[in-house]
Amino acid sequence: MTRLHRIDPKMGWHHVNNHVAGQGDLFLNDDNRHLFIRLLDWASNRTGVQVAGFCLMGNHFHLVLYCPEGRLSEYMQLVESVYARYLVSQRGYRGPVFVDRFHNTVITSDEQLLVTTRYVDRNPLELGIDLAHYTWSSLLTH
């Protein structure tokens, strides 16, 4: 069965997320999280995609992205492929790092953008994490 085409409009806003394959963590330590954030910036410079919000959890991530020229898939391919190669080399992974290709939801209104950004920033609350001290969410940068 073929996959549906990903909707990637110019000047589009997206909520993007992905999970680690299996039961482990996607981010083992702060060095892993720093690398992922650097990759977000590096891929942004290459594609023009802008990160408006993020949250890095143990086994998954959430992003709010603005894509002035589209290019969402190109951006995510850069981020996820480099990070996956790093994890494979660091941990000796066999098989996929991510459970599947990334999931995205196109954000179609200002209200949806506000609700999505709030959800992404506050994602650690679901695990009882104090947001005032959680540095892996864009909440403290807004």
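Structure values in brief
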| item | result |
| --- | --- |
| Fluctuation leader among PRO68, PRO124, PRO96 - the chain, Gaussian network, Cα springs under 10 angstrom | PRO96 |
| Estimated 222 nm signal from helices in the chain, with DSSP H stretches of n ≥ 4 weighted -39500 (n - 2.57), rounded to 500 | -12000 deg cm²/dmol |
| Accessible carbon and sulfur surface of the chain relative to its total accessible area, %, 1.4 Å | 54 |
| Cβ-defined net charge surrounding PHE61, 11 Å radius [Lys, Arg +1; Asp, Glu -1] | 0 |
| Heavy-atom accessible area per residue - the chain, 1.4 Å, Å² | 58 |
| Kyte-Doolittle mean at least -1.0 and Cα axial length at least 27 Å: DSSP H helices in the chain | 72-91 |
| Distance histogram for region 83-132 (every C-alpha pair counted, 5 angstrom bins, percent rounded to whole numbers) | 4, 15, 15, 12, 15, 21, 12, 5, 1 |
| Point-to-point label distance, GLN77-ARG94, nm (Cα→Cβ direction, 7 Å offset) | 2.9 |
| Residue-count net charge about ILE129 - beta-carbon cut-off 13 Å; Lys, Arg +1, Asp, Glu -1 | -2 |
| Length added when fully stretched, SER44-LYS10, from 0.36 nm per residue minus Cα-Cα | 10.7 nm |
| Most mobile of GLU69, GLU126, GLU111 in a GNM of the chain (Cα contacts under 10 Å) | GLU126 |
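The values are calculated or read from the model by the stated rules, or taken from the named source; none is laboratory data. Since we're looking at a predicted model, the values are computed, not measured. Here Cβ is always computed from backbone atoms with ideal geometry, including for glycine, and neighbour counts include all displayed protein chains. Just the protein is used for accessible areas: all its heavy atoms, side chains included, with ligands, DNA and RNA removed. Shrake-Rupley method; radii C 1.70, N 1.55, O 1.52, S 1.80 Å.
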